[in-house]
Amino acid sequence: MLAAWGIAIAQPMLSLLSSNTDFFITYRVASHEVIWFVITLAILPPIVLSGFGLMLSGKPAWAQHFHHGCITILLCIWLAQVLKLSLGLSGFIYVCLLVVAGMGVNALYRSFAGLRAWLRYLAIVPLLAVGMFLFASASGRYARASDVAVVQGQGVKNSIVMVMFDEFAVTSLLNGAGDIDAARFPNFARLKQSSTWFRDYSSTAEVTHKAIPAAISGIRPRANTSSTFADHPNSLFTLFGASHQMNVTEIITKLCPPSVCSDSKVANAQRTSGSAQWAGLLRRLRSILWQRLDASEKNEMKLFEAFVPVEKASASTTTMANAQQEEPKAETPATIIQNFVALNQTENFNKWLGQVRPSRTPSFNYIHLLLPHQPWIYYPDGFYYSTAEEEWLKNETQWETSVKQQRSILQAQYVDTLVGRLLDQMQSDGLYEDSMVIFTADHGVSFDYGYNRRFASNDLKNASDLMHVPLFIHSPGQSVGAVSDENLENIDLVSVIAEQLNVSVPWKMDGMLPSSKSGSQKKIKTLYFVDDPYGSAKRTVKEVVVDNDVFLNEIKTAGTALVNVNDVLESLYKTTPFNELRGKEISSFTITKGELTATLDADIVVQNPKVLVRGTFDQSVKANDWFAIADGERITGLSPTVIQKKTQRFVGLLPHIAGAQTSSLRMFRIIDSTHLEEISLGE
């Protein structure tokens, strides 16, 4: 029993978990709890099954059938993984072969003593799997790590406030002339007036688990490392841990060691309210195992992408239209879970901000905020809506990409309001002037048509999109803003912070000050490929090098300024052929009734008011048709014909008016600038 369990369940699961330390962090499993978990996973179930067999010892025939049945099922689970993962089989052929193989395994096990003896020898497999996990993997290093050394105080008396945003392209902030768009982002523009904007700053990794450790430690991303203090014992947390009171909120990473963050009020509150979520972890493992066995082509690694558990919504959090006030179950679609995650960020920020206060001891205030990360559900005023839409579709059209980019900009405008709240509070408390204040992000996002949103893909030309991130540093006493165009990467951030605070860094870093870089180092930027994208083919290169002059020029020309600052959707619609129709009364057009009907997508039906309008045409439309969307008596949005998976669809974005509810959503086919054909719109 132990051998069959080992090869079918224990070894495959521990192999997956060994390189996915973030899985344990997601479910708040402490390092010492990991050890007991993997031992239990490998040993306890076969012992329990053997115990059931012993209970049937009074009925030898039943006991034998039970034993043979368990072995057969476990060996079939192992064979299913071989057929699907090693041979690449799926679908009907996979199911047929699995049925035949199961019958054959059962017959062989009953008939051949050699097979039964072979399985007894394999009883060592789960023990070897546990040993490999604990002593030869990133997750094992986390499990065995108890703490790390802290650098003793270096006389820094200034408080530090550091906000690490997520999936934030600095190009979203820009006006097309190399500057912050002050109309849409007044607080970032205000921040720029009293800080240094490192305009040529870049990330060295595509994913959070590599990008944040690089920025916090000054060491470039490397493969087979976790985003924990076990693999990054030297960081800003250990540099200032002895001299500063810690106020640290980490969501996906666990870089702040226990000895440093044990006094962090926010961290302690999170640990108290969020002990290990074993039920969620076991549900997720069950889903992963099932995906390894089902007949589809899905890759179970997809389920290891960062899903952050969400606390039950507080009284201050409004229930989403299609959500419940409890943590989503493992079976909940990933897109819905991400809606919960996005909403939870405001509350995380509020809790953290409550601790950013003057104190006798200087404080180190750090928060990783999963904003403006997708799903893009916020408007600038904080209004939000739900959506079950995928972040990136393989066959996504140019228009769908443009709509998503506009939604991401709207969410970045909401982030701007959070920046303003932090600045207001710090200035009101007299904390801002003498503190070091840092706003940055882990990685960017790509809206290049035809490219993956989050990974460098195809010819890798979207790599620079993923590298473009903001960095603003207000140094203690700084009152006049500055713009630096020096080539700075996230591995250089620790060096810059240390120089400005006049402290020495006692560990060897890959990063350095721009002034210390050689001529060749100043000319390039590097994005390291330490992980292959989920569900994608392995890449043949380990890094992509970007010309720094090209990178900086992208910053200086990105974005667009609004002509009408009150029209938040101007950048989406201004190049469309019927933009002039927006804002016009329906009564000013000639309206005819057509036979065309359309149906809203299920996730759009529940929105009220409706701002993201998306659905399917029930009859054929022309590829070059355009449609007007009205909320009430005025046209507020547009959509072309969108062909997605051979289905004709529509996608439009409407402005949000505070306090408004959807009164009467109507759609029209645009015949010309004066003539509209009304469409029957159903739900």
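A few notes on this one:
For (1) crowded, with 24+ Cβ neighbours inside 10 Å; (2) out of contact with any helix residue (DSSP H, G or I) (no Cβ under 9 Å at 6 or more places or on another chain); (3) closer than 30 Å to residue 156 by Cα; (4) hydrophobic (A, V, I, L, M, F, W, C), each residue gets a yes or a no:
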| site | (1), (2), (3), (4) |
| --- | --- |
| 344 | no, yes, no, no |
| 351 | no, no, yes, no |
| 375 | yes, no, no, no |
| 396 | no, no, no, no |
| 399 | no, yes, no, yes |
| 405 | no, no, no, no |
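- Any hit, region 120-131, residues being under 30 Å from residue 251 (Cα atoms) and not small (Gly, Ala, Ser): yes
- Of all residues making up region 637-676, the number that are open to solvent by 30 Å² or more (accessible area, probe 1.4 Å) and part of a strand (DSSP E or B): 10
- Among residues of region 483-500 that are in contact (Cβ under 8 Å) with a residue 40 or more places away in the chain and over 17 Å from residue 192 (Cα atoms), those with a Cβ under 8 angstrom from a residue that is part of a loop (DSSP other than H, G, I, E, B) and among the basic types (Lys, Arg), sequence gap 6+ or separate chain, pair up as 487/517; 487/523; 491/220.
- Scanning region 66-81 for residues that are surrounded by 13 or more Cβ atoms within 10 Å (Cβ to Cβ) and out of contact with any Lys or Arg (no Cβ under 8 Å at 6 or more places or on another chain) yields 66, 67, 70, 71, 72, 73, 74, 75, 76, 77, 78, 79.
- Total residues in region 582-623, condition surrounded by fewer than 17 Cβ atoms within 10 Å (Cβ to Cβ) and part of a strand (DSSP E or B): 10
- Test: residue 629 is assigned to a strand (DSSP E or B) and free of Cβ contacts under 8 Å to residues at least 40 places away in the same chain: yes
- Test for residue 593: is it in contact with a Ser or Thr (Cβ under 9 Å, 6 or more places away or on another chain), modelled with pLDDT under 95 and closer than 19 Å to residue 656 by Cα: no
- Test: residue 182 is touching a strand residue (DSSP E or B) at 6+ places or on another chain (Cβ under 6 Å) and closer than 28 Å to residue 448 by Cβ: no
- For region 363-405, taking the residues that are in contact with a Ser or Thr (Cβ under 7 Å, 6 or more places away or on another chain), part of a loop (DSSP other than H, G, I, E, B) and aliphatic (A, V, I, L, M), the one that is nearest to residue 256 (Cα to Cα) is identified as 377.
- Odd one out for residue 597 among (1) under 19 Å from residue 400 (Cα atoms); (2) in contact (Cβ under 8 Å) with a residue 60 or more places away in the chain: (1)
- Which listed residue is aliphatic (A, V, I, L, M), open to solvent by less than 20 Å² (accessible area, probe 1.4 Å) and either under 30 Å from residue 255 (Cα atoms) or modelled with pLDDT under 85 (or both), from 14, 2, 41, 54: 14
- Answer residue from region 15-47, given it is polar (S, T, N, Q) and assigned to a helix (DSSP H, G or I) and is nearest to residue 209 (Cα to Cα) among those: 21
- Qualifying residue in region 254-270 (condition: open to solvent by 30 Å² or more (accessible area, probe 1.4 Å), closer than 23 Å to residue 15 by Cα, modelled with pLDDT of 90 or more and not in a loop (DSSP other than H, G, I, E, B)): yes
- Every condition in (1) in contact with a helix residue (DSSP H, G or I) (Cβ under 8 Å, 6 or more places away or on another chain); (2) within 17 Å of residue 653 (Cβ to Cβ) is met by residue 474 except one, and the failing one is (2).
- Where a residue in region 277-296 is over 17 Å from residue 24 (Cα atoms) and its partner, wherever it lies, is of a type in the set (Lys, Arg) and assigned to a helix (DSSP H, G or I), with Cβ under 7 Å and at least six apart: 292/84
Let's see how each residue does on (1) in contact (Cβ under 8 Å) with a residue 24 or more places away in the chain; (2) open to solvent by 70 Å² or more (accessible area, probe 1.4 Å); (3) over 23 Å from residue 172 (Cα atoms):
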| position | (1), (2), (3) |
| --- | --- |
| 509 | yes, no, yes |
| 516 | no, yes, yes |
| 556 | yes, yes, no |
| 570 | no, no, no |
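- Residue list for region 535-553, filter: crowded, with 16+ Cβ neighbours inside 10 Å and either modelled with pLDDT under 90 or under 19 Å from residue 447 (Cβ atoms) (or both): 539, 544, 546, 551
- Exactly one residue among 235, 203, 194 is crowded, with 19+ Cβ neighbours inside 10 Å, in contact with a Cys (Cβ under 9 Å, 6 or more places away or on another chain) and of a type in the set (S, T, N, Q), and that residue is 235.
- Restricted to region 26-36, and to residues there that are under 26 Å from residue 81 (Cβ atoms) and in contact (Cβ under 8 Å) with a residue 40 or more places away in the chain, the residue that is most open to solvent (accessible area, probe 1.4 Å) is 35.
The values are calculated or read from the model by the stated rules, or taken from the named source; none is laboratory data. Since the structure is predicted, the reported quantities are computational estimates derived from the model, not experimental observations. Cβ: placed from backbone, ideal geometry, glycine included. Neighbour counts: every protein chain shown. Heavy atoms of the whole protein, side chains included, go into the accessibility calculation; ligands, DNA and RNA do not. Shrake-Rupley method; radii C 1.70, N 1.55, O 1.52, S 1.80 Å.
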